[in-house]
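Read the figures in this text as sums done on the coordinates, not as results from a lab. Since we're looking at a predicted model, the values are computed, not measured. Counting neighbours? That spans all protein chains shown, and the Cβs are built from the backbone with ideal geometry, glycine included.
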Amino acid sequence: MDSAATAFAALLDTHIGIVYRVVRTYCWTKADQQDLAQEIQLQLWRAFPRYEATRSFSTWMYRIALNTAISWVRYQSVRRRHAAVGAVPDVAAESALPDATDALYQLIGQLEPFNRALVLLHLDGLRHEEIAEVLGISAGNVATKLHRLTQRLRTAAQQGTT
Amino acid sequence: MNLDELKTAWTTAHASIETLQAQQAMLQRVVQQQAAEQTRTRLQRAPMIELVLAAIAMVALGGYLAMHIASMREHPLAALPALILLLLSAVVVVVSIVQLRLLARLDYAQSLTTTQHTLATLRTIRVRSTQLLLLLGLPLWICGPLVLGQWVIGYNFPSAVDRTWLLANIVFGIAAAAGFVLVAQRLRGRSPFWRSVSELAAGKDIDQANVLLGELRQFEQS
């Protein structure tokens, strides 16, 4: 492996959780999750020569992973429509996560793709400015949206428990 | 439940799983790096092929028109099929260049809204250009044999055939295009090919791209 590949491997290993969480947020079946994880890592590797080491790797990684995930989900929906194959999510049967975490993912999965990204970034502990940078909106907009999404998720969680 | 409670549950649940994921990722990496180069060209392939073919057609048609300029002055109608094909080729060249430029600009490391906007624009252009070729190509099919005939045999077909014959062929082409779309709609449930053609004609992918653009606009507004 050359030095770029070694550096990439080291950074990816440190931040691999990002790939995992993005994949779980946008895909429900194990096969889809594996495909998307592979696609994200491909895109990361392709973009790596343009990565500036002075900037945050995790923010850069989130942008690529989320862009890939949203594009992949849309591409898969077109492909399945053309192939007349329905996507049947089977979270319960295939998940290796604790029930509570599955419930979390299901709750987030009810949101629109861009809002899902926003909540994921917030849950992963990014500051509003960092979230704004990843999504391409203002920090003020991030705060407003998070406030609204909190209310939506609270209502959804209450409906789920009743 | 609020977002802070969610955040705590989220962090706890993921801590143990990430080590396992890292090991799996290491195993996959070598294969993925080899496949990366193939993915890079996949998106560019169609517009690149179209650009090359249309550029060749433009050069050939330009040469053909220059060669027959004298006879075409006497029979201006004879230049029409070649001019129509030349115009179609020029449109394909322009559309291909626009797509390739957008693809060159496409960077997944940009913000979500920027990248998804570029992707939706690309999808719209791609579908529109295919629709254009399908819907114009079939009615104007007669231009191809007329130009080819004159080129190969040297006989001035456009001046030899009467206008009714030409018109009848164009009408036939329009009917064939409409028939093709109708057949695609009827057979859409039987195979992925017909489903793709039917949805292409209906502009379903454009609808999807517009939905994405709408979602983006809504998301960008606070």
Report task. Taking 7 Å along the Cα-to-C-beta vector as the label spot, tell me the B:Leu135-B:Val171 distance in nanometres, rounded to one decimal. Result -> 2.2 nm
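Under the 0.36 nm per residue contour assumption, what length would be gained going from the current alpha-carbon distance of B:Thr164 and B:Ala178 to full extension? The partial results should precede the final answer.
Details: separation 14, 0.36 × 14 = 5.04 nm, distance 2.09 nm.
So the extension gain works out to 3.0 nm.
Across peptide A:3-10, how many C-beta atoms of other chains are within 10 Å of each residue C-beta, on average?
On the way: counts 0, 0, 3, 0, 0, 2, 4, 0.
So the per-residue partner count for this stretch is 1.
Could you work out, residue by residue across A:50-57, how many beta carbons of other chains sit within 10 Å of that residue's beta carbon, and then give the average as an integer? Present the calculation step by step, with values, prior to reporting the outcome.
Details: counts 2, 1, 1, 0, 0, 1, 0, 0.
Going residue by residue through A:50-57 and averaging, the value is 1.
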Requested in this report: With a 10 Å radius around each residue's Cβ, average the other Cβ atoms per peptide and rank B:170-179, B:83-92, highest first.
Outcome: B:83-92, B:170-179
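Using the per-residue mean of other Cβ atoms lying within 10 Å as a proxy for protection, in what order, highest first, do the peptides A:58-68, B:132-142 fall?
A:58-68, B:132-142
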Requested in this report: Sticking with the crude label model, points 7 Å out along Cα→Cβ, report the distance from B:Leu87 to B:Phe193 in nm, one decimal please.
Outcome: 3.2 nm
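How much length would be gained if the chain were fully extended between B:Thr118 and B:Ile49, taking 0.36 nm per residue of separation minus their Cα-Cα distance, in nm to one decimal? Intermediate results must be reported in sequence, preceding the final value.
Numbers: separation 69, 0.36 × 69 = 24.84 nm, distance 2.12 nm.
So the chain would gain 22.7 nm between B:Thr118 and B:Ile49.
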Requested in this report: Using the Karplus curve 6.51 cos²θ - 1.76 cosθ + 1.60 with θ = phi - 60°, work out ³J(HN,Hα) for each residue of region B:78-84 in order, rounded to whole Hz, and write x for Gly and Pro.
Outcome: 5, 7, 4, x, 5, 5, 4
Report task. Ignore the peptide's own chain and count Cβ atoms of other chains within 10 Å of each Cβ in A:12-21; give me the average, rounded. Result -> 5
**Report entry** Label-to-label distance, nm, for residues given as A:Tyr75 and B:Arg128 (7 Å Cα→Cβ offset)
**Finding:** 2.3 nm
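Subtracting the Cα-Cα distance from 0.36 nm times the residue separation, let me have the gained length for A:His147 to A:His128 in nm, one decimal. If you can, show how the numbers build up before the last one.
Details: separation 19, 0.36 × 19 = 6.84 nm, distance 1.21 nm.
Extending this stretch completely gives an extra 5.6 nm.
For the pair A:Thr6 and A:Gln159, what calculated FRET efficiency results from E = 1/(1 + (r/R0)^6), where r is the Cβ-Cβ distance and R0 = 56 Å, to the nearest 0.05? Kindly include the intermediate steps, with their values, before the conclusion.
Working: r = 49 Å, r/R0 = 0.88.
Efficiency, from the Cβ-Cβ distance: 0.70.
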Report summary line: The exposure ranking of A:Glu133, B:Glu220, fewest beta-carbon neighbours within 10 Å first, is B:Glu220, A:Glu133
